[in-house]
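Student: Questions regarding the structure given below will be posed in turn.
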Amino acid sequence: MPLARQQHPESTALPTCQRLVPLARRVRASAQTVLVLRLCIVFGAFGLFTPPNATVTIALLLGALSTSGAIFLILEMNTPLEGLVTVSLSPMREALAVLGQ
């Protein structure tokens with residue numbers, strides 16, 4: 001009885017990775033959504049259990065603003081060549097030119 005032909009790991013890994021990439025993107029997007037919802041619930045709970053006055057309102061707004069700004073910066077720096085905050089490629093090109101000499 002002849003042995004079955006075994007496929008190389010490289011030939012089976014590529015289709016598997018191609019199927020997993022969209023799944024990983026969906027999981028990352030859902031994790032971001034869960035994080036934002038959790039923060040909304042936390043800040044809502046803080047506001048719910050405190051007496052309404054100007055100090056509490058300003059503190060909650062500043063906390064929510066700083067948290068949302070931090071999340072925005074984290075997500076923007078995840079794609080450094082796109083979006084509102086971008087990184088210039090000229091220093092990298094200059095470094096590669098020096099290394100190529």
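Student: Going by the structure shown, is A45 at negative phi, surrounded by fewer than 10 Cβ atoms within 10 Å (Cβ to Cβ), at pLDDT 75 or above and out of contact with any Pro (no Cβ under 9 Å at 6 or more places or on another chain)?
Tutor: Here the answer is no, as A45 does not meet what is asked.
Student: Also: Quick check on this structure: which one of A95, A64 is in contact with a helix residue (DSSP H, G or I) (Cβ under 6 Å, 6 or more places away or on another chain) and either at negative phi or of a type in the set (S, T, N, Q) (or both)?
Tutor: Result of the check over A95, A64: A64.
Student: Of the residues E76, E94, which single one is outside any loop (DSSP other than H, G, I, E, B), within 17 Å of V36 (Cβ to Cβ) and charged (D, E, K, R)?
Tutor: Going through E76, E94 in turn, the sole match is E76.
The values are calculated or read from the model by the stated rules, or taken from the named source; none is laboratory data. Computed from a predicted structure; not experimentally measured. Here the Cβ is made from the backbone with ideal geometry for all residues, glycine too, and neighbour counts use every protein chain on show.
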